[in-house]
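Read through the structure below, which is laid out as structure tokens, and then see the notes.
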Amino acid sequence: MKKYIMIAAGVLLMQYAHAQVTIDRSKQPKPGPAPVLNIKDPVVYKLANGITVLVVEDHRLPKVSASFVIDAGPVTEGSKAGAFSLMGAMLNEGTKTMPKAVFDEAVEKMGANVSLSASGGSASSLTRYFKSAFTLMGQGLKEPAFTQESFDKLKTQEITGLKSQAKNAPAIASRVTNALTYGKTHPSGEFETEEGIKNLTLLDVKAFYNKYITPSRAYLTFVGDIKPAEAKLLATEVFGSWKGAMLTLPKLPEVANPPKTEVDVVDLPSAVQSEIRVVNLVDLKKNNPDYFPALLANYILGGGAQSRLFMNLREKHGFTYGAYSSIGSGRFQTLFNASASVRNAKADSAVAEFLKEINRIRSEKVSVEELNIAKALYNGSFALGLEDPARTATFASTILINDLPADFYKTYLQKVNAVTADDILRVAQKYFNYNTRIVVVGNTAQMLDGLKKNGYPVKLYDVYANPVTASSATNPVPDIKATDIIKNYLNAIGGIDELNKMKSYELTMTMAMQGMNLNVDEKKLAPNKELMTVSMGSNVVMKNVFDGDKGYQQQMGRKKDLSAEEIAQKKVFTSLIEQIDYLNNPAFKLVVKGIQKVNGSDAYQLTVTDPTGKTSTEYYDIKSKLLVKNESTTVANNAGVTQTLELSDYRKVGNLMFPYKQALTIAAAGQEQNLVMNVTDVKVNAGVTVEDFK
């Protein structure tokens, strides 16, 4: 009945081999001239109904692929948000003449791939089957079944997906960031809601289909073992007689960035990490002379594992497993976005480091060496991508859509290599706006006060980007003593008298992790002996032992004695039930912090500082009085590890109550592992001996 369980099963040991190369770093290597890329020009046709056909021959393999892309631009859905994507999903639900099962079987028999979406479709197969696969794609686009049964199924799936994201910090951060940056009525700021999806009808989906699935403004690209004349004939046969609505590219009003830096905070009490987004709007067209310098500037700032953000937030400070940035481009406004997942307590420090690095690249020239390294890495990545014919095929339509010069991609690397340090400084000042929007989604109880100390205005929003007033955002301290919360809990699980009669207990649990089914056995013996064994079949995966004076951890055959600090931590507890120690030992400090929601119910939020100085946060349900959640942070391998344990499904065993479901989330440096343990058996005062703890 510990308030949390320390499980190391979520930690994987990984080893990397590093090649050692002797380099004379006193001499700057001289970059060679950038090559002109040998990218084959497509053959281009135009069908009468508006479809532009592009054909890139490649007879090295007996395979052909085709992509059909409708250039509709950003789609505004308004009150029908979600109908556009539902429409795209329904295109994969069969045609008027072929039910989904028959359609899918026909594709599978050919070993082909056919997929459809709200923006078009694709088909690929061996050459001898391509005509049939391509014809199926055309039928799916032109003659979708649109049955009520499929609509109801997909609608239910979409609602289920939204429910599963209700406490997903990254999903919430993306939604709120876009809504605040663009505005909720902008096509890039709209978002789906459960209520909105429930109100959609099949007629709504059909209306979006009739408007947006059309040959108008469509690009059909063939790549592979097919001749241009053959491709044109096939395109005409499948799509030539197709008629549809005329599309025009939407004109969107320009959206302004905030006049000064602001921090927009969303409270997510269940979050064990804060999701940080540092964003500003950019208008960067691909034919803009700033395009290539902006790509390199972003690459230096946050483009990969060698970037400044990564080296600062991960390597130097250990806040996260990865910090990155990206910059969009195109005909419409897009985002510069720097992001990371960090533990809540370090959100304020991480924000400060983000702004520090953005300000540095805006105010200091990059070195020649750093610039050359970035060019080399970027060029290598670009060159690897050229090995995929499907990618090079998109170059042709991209050139047409964005009004680019015909040699845009052939001279791509030359333009990258021509970027100077002055160019980097200039575009960083222009596109990395230091007056920016910082969105932070996390547990405000652990990070809000720190964010306020950074000196920027802090605004509060809910998970749907609605402003939260100061009065509704406050977490008032309830008029109850911390000791009364603990006493109520102890009474709820059986009472102190009954708890004192318990000299030992054993919990048998099951747990699934990464596809493996594990068995967990936890034993406790008064006053403070403890054992936990995790096994898979007859093999012990992990074992933790403490005999009251010393102990060890054993994992994957490796045994490690507990440190003096770990032993001291365990010795502060002299009861099987920690909360009894809270009352009996004045060295424990208890503070009521407020009321928070835990799984939809109000719970008292209590911080507990033990005699060693370690602090954790506990949540006690106001109605049931039971402990429902515990949060704590430890340090492992020089990185902070946050553990959140949610307890539920309390059941009576004799005169005592035990939680039969324990959901543990372990978060470290931007990554999470979720473990759910289900209790299958509880034994009180039976089956535990001193011999177990050796």
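The values are calculated or read from the model by the stated rules, or taken from the named source; none is laboratory data. Keep in mind it's a predicted model, so treat the numbers as computed, not measured. Don't worry about glycine lacking a Cβ; one is built from the backbone with ideal geometry, like all the others, and counts go over all protein chains shown. Surface areas here come from the heavy atoms of the whole protein model, side chains and all, with no ligands, DNA or RNA. Shrake-Rupley method; radii C 1.70, N 1.55, O 1.52, S 1.80 Å.
Take the Cβ-Cβ distance between L583 and M311 as r, set R0 to 41 Å, and report the resulting FRET efficiency rounded to the nearest 0.05.
0.30
Could you derive backbone 3J(HN,Hα) for the range 499-505 from the dihedral phi with the Karplus parameters 6.51, -1.76 and 1.60 (θ = phi - 60°), listing whole Hz in sequence and x where the residue is Gly or Pro?
Those phi angles translate into 5, 5, 6, 7, 9, 7, 8 Hz.
In the range 351-439, what trypsin sites (Lys or Arg not before Pro) fall in a loop by DSSP, with at most 14 other Cβ atoms inside 10 Å?
Passing both the DSSP loop test and the Cβ count: K365.
Ignoring ligands, DNA and RNA, what percent of the 1.4 Å accessible area of the range 494-543 is carbon and sulfur?
On the range 494-543, the fraction of accessible area on carbon and sulfur atoms equals 51 percent.
State, to one decimal in nm, how far the label point of D422 lies from the label point of T334, with both points 7 Å from Cα in the Cβ direction.
2.7 nm
Once both axes come from the Cα atoms, what is the angle between helix 421-431 and the longest principal axis of the chain, in degrees from 0 to 90, rounded to 10?
80 degrees
In what order, largest first, do T76, T221 sit by accessible area if the probe radius is 1.4 Å?
My answer, sorted largest first, is T76, T221.
With everything on Cα atoms, drop me the angle between helix 100-109 and the longest principal axis of the chain, reported from 0 to 90° to the nearest 10.
70 degrees
What number do you get for the chain when its Cα radius of gyration is normalised by 2.2 N^0.38 Å, N = residues?
Relative to the 2.2 N^0.38 Å estimate, the chain comes out at 1.13.
Exposed loop GluC sites (Glu not before Pro) only (DSSP loop, at most 12 other Cβ atoms within 10 Å): please give the longest stretch of the chain free of them, not including the sites.
The segment 388-694 is the longest one with no such site.
Determine the alpha carbon to alpha carbon distance for each of K481/K543; K316/K453; K211/K286 and list only those over 32 Å.
With Cα atoms farther than 32 Å apart: K481/K543.
Before rounding to the nearest 500, sum -39500 (n - 2.57) across all DSSP H runs of length at least 4 in the chain and divide by the residue total; then give [θ] at 222 nm in deg cm²/dmol.
Computed mean residue ellipticity for the chain: -9500 deg cm²/dmol.
Specify the angular offset, from 0 to 90 degrees and rounded to the nearest 10, of the alpha carbon long axis of helix 169-182 from the longest principal axis of the alpha carbons in the chain.
Rounded to the nearest ten degrees, it is 50.
Gap in Å between the Cα centre of the range 451-510 and the Cα centre of the range 137-214?
So the separation of the two Cα centres works out to 36 Å.
How many angstrom lie between the Cα centre of the range 569-632 and the Cα centre of the range 282-327?
One Cα centre to the other: 42 Å.
Once both labels are modelled 7 Å past Cα along the beta-carbon direction, what's the L404-S326 spacing in nm?
Modelled inter-label distance: 1.7 nm.
Once both labels are modelled 7 Å past Cα along the beta-carbon direction, what's the N500-K694 spacing in nm?
3.3 nm
Using +1 on the beta carbon of Lys and Arg, -1 on that of Asp and Glu, and nothing else charged, what's the dipole of the range 291-411 about the Cα centre, debye to 20?
The dipole of the range 291-411 has a size of about 300 debye.
Where nothing but the Cβ of Lys and Arg (+1) and of Asp and Glu (-1) is charged, how large is the charge dipole of the range 69-197 around its Cα centre, in debye to the nearest 20?
Roughly 220 debye, rounded to the nearest 20.
Once ligands and nucleic acids are excluded and a 1.4 Å probe is used, how much of V114 is accessible, expressed in Å² to the nearest 10?
Number for this one is 30 Å².
Relative contact order of the chain: what whole-number percent is it, with Cα pairs under 8 angstrom and at least 6 residues apart?
14 percent
Suppose the chain between T508 and K285 were pulled fully straight at 0.36 nm per residue; how much longer would it get relative to their current alpha carbon spacing?
Once the chain is fully extended between T508 and K285, it gains 74.2 nm.
Using the heavy atoms of the protein chains and a 1.4 angstrom probe, tell me the accessible area per residue for the chain in square angstrom.
Each residue of the chain exposes 47 Å² on average to a 1.4 Å probe.
If r is the Cβ-Cβ distance from Y434 to D479 and R0 is 41 Å, what FRET efficiency results, to the nearest 0.05?
Efficiency, rounded to the nearest 0.05: 0.35.
Between N539 and S79, what length comes free when the chain is fully extended (0.36 nm per residue of separation minus the Cα-Cα distance, one decimal in nm)?
Additional length available on full extension: 160.0 nm.
Could you calculate the FRET efficiency of K550 with N599 from 1/(1 + (r/R0)^6), where r is the beta carbon distance between them and R0 is 45 Å, rounded to 0.05?
0.70
When the accessible area of the range 547-604 is computed with all protein chains present and a 1.4 Å probe, what percentage of it is carbon and sulfur?
The value for the range 547-604 is 48 percent carbon and sulfur by accessible area.
Report the gain in length on full extension from V255 to T634: 0.36 nm times residue separation, minus Cα-Cα distance, nm rounded to one decimal.
Length difference between fully extended and current span is 132.1 nm.
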